[in-house]
Amino acid sequence: MPDLAPQRYGALPVPVTAAWSVEQDEREPRVVRWRCGARGELRFTSDGVNRPGEGKPLFTILHADRCRAVIERGLCQMCVRPLPHCRICMTSGATLQGLPLVSDGLPMCPACAMTAYRACIGLQRNEAAGRLRIYAVEADGWVLSPKVLGIVSGPGADERVNALIRKHGKLYAGPDLQLRRFRRLALADLEGMLVDG
């Protein structure tokens, strides 16, 4: 698992889970095994390069290895400290079997969630459009929900990943988190947590 440290781009905080341009340019997809909760050990794709802070942050692209690391270690994806009992997840409303599905707003401490919201135009746009979902999640209030990868052709395809799938069979990406024990918050609720806490 990669070493983790808080990241910034100038004055802007950057989630440790975000990929950076140098990493994407030098990406070397490979297969790693990772224990995925009750599912046991599964084969996941790895980015193969861990160079956060080099180039520019790519906020819409996740670094698979660091995502798994923050989940496994129970760390906030912003400050990289151990998560408190009440963790905050943000999502655009995706669900799986009627429960919230989190893929990019991985757990954060409440203060970092507010910092992320204030710094992220995408989160602010989703809030203005009524798409942002904020959840207070209990410790271990989720199950891991990895995605099965399939062969992709056309724009956005990565033949290196396709070759790994052909060679190894079933490979996973993510994992996403399916929330089980949570309560939905309004933005004002999150702000109130900081005043009360």
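The values are calculated or read from the model by the stated rules, or taken from the named source; none is laboratory data. As the structure is a prediction and not an experimental result, all values here were calculated from the model. All Cβ positions, glycine included, derive from the backbone under ideal geometry; neighbour counts span all protein chains shown. Side chains are part of the model used for accessible areas, which takes the heavy atoms of the whole protein and leaves out ligands, DNA and RNA. Shrake-Rupley method; radii C 1.70, N 1.55, O 1.52, S 1.80 Å.
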Handout entry: Using θ = phi - 60° and Karplus 6.51 cos²θ - 1.76 cosθ + 1.60, couplings along region 62-79 (whole Hz; Gly, Pro as x)
Key = 8, 8, 4, 5, 6, 4, 5, 5, 5, 5, 4, 8, x, 10, 5, 6, 9, 8
Completion exercise
The alpha-carbon pair-distance distribution computed for region 68-151, with 10 angstrom bins and whole-percent values, is 17, 50, 29, 4
Problem - residue 96 long-range amide H proximity, modeled H, under 5 Å - result: 101
Handout entry: Accessible surface of the chain, 1.4 Å probe, proportion on carbon and sulfur as whole %
Key = 51 percent
Handout entry: Candidates 143, 152, 31, ranked by Gaussian network fluctuation over the chain, Cα under 10 Å, top entry
Key = 152
Practice task
Would you mind computing Rg(Cα) / (2.2 N^0.38 Å) for region 100-197, counting N as its residues?
Solution key: 1.38
Practice task
Decide, for region 1-118, between rounded, prolate and oblate: order the square roots of the alpha carbon gyration tensor eigenvalues as a ≥ b ≥ c, take rounded if a/c falls under 1.5, and otherwise choose prolate if a/b is larger than b/c, else oblate.
Solution key: oblate
Fill in the blank from the handout: Within region 122-197, DSSP-loop trypsin sites (Lys or Arg not before Pro) with at most 16 other C-beta atoms within 10 Å are 131, 170, 180, 181
Fill in the blank from the handout: For region 136-141, Karplus-derived ³J(HN,Hα) couplings (6.51, -1.76, 1.60; θ = phi - 60°; whole Hz; x for glycine and proline) come out as 8, 10, 5, 3, 6, x
Handout entry: 3J(HN,Hα) from dihedral phi, region 21-27, Karplus parametrisation 6.51/-1.76/1.60, rounded to Hz, x for glycine, proline
Key = 4, 5, 4, 5, 5, 9, 3
Problem - the chain, helix-only ellipticity at 222 nm - DSSP H runs n ≥ 4, -39,500 (n - 2.57), divided by all residues, nearest 500 - result: -7500 deg cm²/dmol
Fill in the blank from the handout: With +1 at each Lys and Arg Cβ and -1 at each Asp and Glu Cβ, the charge dipole magnitude of the chain around its Cα centre, to the nearest 20 debye, comes out at 500 debye
Handout entry: Residue (of 155, 31, 48) at the positive-pole extreme of the chain, dipole from beta-carbon charges
Key = 31
Completion exercise
Longest principal axis of the chain (C-alpha) makes with the long axis of helix 110-119 (C-alpha) an angle, in degrees to the nearest 10, of 80 degrees
